[in-house]
Every structure is written in C-alpha cells, then in structure tokens.
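Participant: Here it is, the structure in full.
Throughout, read-outs are computed from the coordinates displayed, never taken from laboratory work. Because the structure is a prediction, the values reported are computed rather than measured. Using ideal geometry, Cβ is built from the backbone for each residue, glycine included, and neighbour counts are taken over all protein chains shown.
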C-alpha cells in the first residue's frame, strides 16, 4: 500500500511512522515530518526495532507508565540505527527517542556504537530480553536460579544467560511440558500444572517470574530460600502471559524473606553511562550467539497493524522485529 506523503517544510523530512492511536489496539501507519537535527544530535536511519513483551504491554490501556501518555504515541524502547554518512551502526538506549519511524534525531550520548558486522535484526530482536535478564543475573554466579515461564522468549534468554554467568543450577517451570523439554541449559524441569510433583529446591538465590499468576505463588510456596532470594513477581512492564495478575501474599513474602526487584530499574541502571562497560560487554556476548534462544521474525513496519496480534507474538513464542526503513 502506498501512503501519501505530506509536504515537508524546507528544514524537515517527510517520513512514515507507526503510532498507537487507540489504547489496546495495534499501532497504525501515519505520516510525519522530522526536523533537521540540532548540533547535539545525529539524524539516523532506523534499521530494526524489537517488539518485546515489555513493548507490547505499553499498548495496554492500564499500563502504569503509558496510560498518561497523550495519543498517538510510540511504545518502542530501543533498536538499531545507522548514520548514513559514515555507515556506522548504533544501539539506541531505552532513554533515547522512540524508534517506530524511518528516521529519528537522537542525542549522541544516547547512542552506543556497534561493530560493523552486527546483524541489526538479530540484535534488535534479542536486546529486550537479553539486557533485562543480564541486569538481573549479573550476581548469579554459583547460585541457584529458578525461572517461572522458562519457555517464553524472555525465559529462554534467562536460561542462556544464567548458564553463561555461572549459575550453579537453573530450574525451569512452564505449563508447556513439550516445549520445556526442548529448552537447553536447564538442570531441572517442572510442569506448572502438577504442583504436587514440584521438585524440592533448597538454597534458591533468584526467582525470575515471567508468568505472574497463582501458579507462581504455588512455586514460591514450595521453595526453600538461601541467604538471598530476589523474586520478580508480577511487574506491569512485563505482564503475565495469561490469567490474572499475581499480587504477592504478605505472609508468603515474610515467610520466604523475599526481596522484590524491579527489572525495569535494573535494566535502566545497566544503560546509564557509568555502566557502559558492562553494557558493551553484554551486547558483545549477545552478538556472538550462534543460535538465538528463540525465533526472531522480521517484518516491514508497514505491516505492523496486520502482524501485531499474531498468536506467535502474543504467546511469547517468537519475537517480532519491525524494519521501518525502505530497502
């Protein structure tokens, strides 16, 4: 489909963007103009934007962050761009501008230069799950990690990172027994539909929860925490795959000595300038992955309204990457 372009101002460029016009509905294509960048910014071409679960949840009408944003808005978080004059590739930090556009103006301090050989689509598809889990698990060496929802895209990334960072054990829970059997790197597997058969797990250090329902409470009730237990319960920025939100029972929290961690805060800290060395290392490790922990599907941004609610993406089995720029 051809989209009519508006007349651009002499100091602006006409382009296509994708925006949320109705809360809870997929983004739609709109026309916009982009002003020439100021001296502290670069104008870059957007190559790839990952649509992680965190991004998808921002569309919801009751999302704690975006429910106050004016319509239309862009729910994206980060992505890969190119400075066309030099050909250099950059990762745009989450605090930078939104990316569902053919081009954006971005502050130089919100850009992290990437190696020339990086696959933009692969990196954009992995970063949402990879960097958040990396920030959570940096201290997991020689500790036990429990992952509730190990068959989701985020869960599969968490398994891979926990093994790489030296976790002593990685225990995976899922309601999909067949898919769980195919997740490599787990030392123990358990099906959420059979709580009576949950393994007895002692000295747990981390519980990462990608489900957020009563099933999660059943897992936590059977855990024997170690000296430290960092439990990620229901967090609106991630959201449960299905079912009702999970609100932590106070008695359970006290009994287990849970420390509730906000993954969005940890991820934000990782992308601050004082942690750039850690961020660069995390991205380097991600770029070296030969086999991604989940399937990444590339689609042109012009098809966003049609593909947004595809079951593979809604069920967290695959990650959608949108390509805004024309080839």
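Participant: Cut-off 10 angstrom, C-alpha nodes, Gaussian network model of the chain. Which of 200, 299, 45 fluctuates the most?
Facilitator: The residue with the greatest mean-square fluctuation here is 200.
Participant: If you don't mind, another one. Among 210, 294, 281, which one moves the most in a GNM of the chain with springs linking Cα atoms closer than 10 Å?
Facilitator: Highest fluctuation among the options: 281.
Participant: To continue, here is another question. In terms of the Cα gyration tensor, with a ≥ b ≥ c the square roots of its eigenvalues, is segment 145-204 rounded because a/c is under 1.5, prolate because a/b exceeds b/c, or oblate?
Facilitator: It comes out oblate by the Cα gyration axes.
Participant: Taking the beta-carbon count within 10 Å as an exposure proxy, list 289, 296 from fewest neighbours to most.
Facilitator: 289, 296
Participant: No solvent, one uniform scatterer per C-alpha: report log10 I(q)/I(0) for the chain via the Debye equation at q = 0.14 1/Å, two decimals.
Facilitator: Normalising to I(0) and taking log10 leaves -1.09.
Participant: Taking square-rooted eigenvalues a ≥ b ≥ c of the alpha carbon gyration tensor, is segment 1-115 rounded, prolate or oblate, where a/c under 1.5 means rounded and, failing that, a/b exceeding b/c means prolate?
Facilitator: Oblate, because a/c is 1.5 or more while a/b does not exceed b/c.
Participant: Say we join alpha carbon atoms closer than 10 Å with springs in a Gaussian network model of the chain; which of 262, 175, 40 then has the biggest fluctuation?
Facilitator: 40
Participant: Any chance you could run the full-extension gain for residue 21 through residue 68? It's 0.36 nm times the residue separation minus the Cα-Cα distance, nm to one decimal.
Facilitator: That works out to 15.6 nm of additional length.
Participant: Using a 10 Å cut-off on Cβ atoms, rank the peptides 82-89, 164-171 from the highest mean neighbour count down.
Facilitator: Most protected by this proxy first, the peptides run 164-171, 82-89.
Participant: Compute the distance in nm between two label points, each set 7 Å from the Cα along the Cα-to-Cβ direction, one at residue 184 and one at residue 290.
Facilitator: 0.8 nm
Participant: Then there is this: Name the residues of segment 41-61 whose amide N is less than 17 Å from a point 7 angstrom out from the Cα of residue 29 along the C-beta direction?
Facilitator: 46-49
Participant: Rounded to the nearest 0.05, what FRET efficiency do residue 177 and residue 39 have when you use their Cβ-Cβ distance and R0 = 51 Å?
Facilitator: Computed FRET efficiency for residue 177 and residue 39: 0.35.
Participant: Okay, next question. Using only Cα atoms, find the angle between the long axis of helix 120-137 and the longest principal axis of the chain, and express it within 0 to 90 degrees, rounded to the nearest 10.
Facilitator: 40 degrees
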